[in-house]
Amino acid sequence: MPAEQYYQFMALLDQSAFSYTYELLGDQMQHKIDKMSQVERQMFDMKVAQLREKDEKKKRTRKKS
């Protein structure tokens, strides 16, 4: 993360009601998701599902090892 973005993010975190970076990040992500068109949201949901499946496959492979 570039230094300036880090400073801005930490300043936002300091001024927010959140205690942890993942909470602020989640809030910002939700704002972006809420603004998506129906088509963008469908593509987003498909990508999330693909990433989740890829991660699950990796976990299953590790358990077998």
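The values are calculated or read from the model by the stated rules, or taken from the named source; none is laboratory data. Source: prediction; values computed, not measured. Cβ atoms come from the backbone with ideal geometry, glycine included; neighbour counts cover every protein chain shown. Accessible surface is based on the protein model in full, side chains and every heavy atom, while ligands, DNA and RNA are left aside. Shrake-Rupley method; radii C 1.70, N 1.55, O 1.52, S 1.80 Å.
Report whether or not L13 is surrounded by 10 or more Cβ atoms within 10 Å (Cβ to Cβ), modelled with pLDDT of 95 or more and touching a helix residue (DSSP H, G or I) at 6+ places or on another chain (Cβ under 7 Å). Even if it seems obvious, please write down each step before you answer.
Numbers: surrounded by 10 or more Cβ atoms within 10 Å (Cβ to Cβ): yes; modelled with pLDDT of 95 or more: yes; touching a helix residue (DSSP H, G or I) at 6+ places or on another chain (Cβ under 7 Å): yes.
So L13 passes the test.
Would you check which residues across segment 29-42 are of a type outside the set (D, E), within 26 Å of M1 (Cα to Cα) and exposed (fewer than 12 other Cβ atoms within 10 Å of the Cβ) and list them?
Matches in segment 29-42: M29, Q30, H31, K32, K35.
Quickly run through segment 43-55 and pick out the residues that are open to solvent by less than 100 Å² (accessible area, probe 1.4 Å) and closer than 17 Å to M29 by Cα. Spell out the reasoning first.
Applying the first criterion (open to solvent by less than 100 Å² (accessible area, probe 1.4 Å)) to segment 43-55 yields 44-45, 48-49, 51, 53, 55.
Scanning segment 43-55 gives F44, D45, V48, A49, L51.
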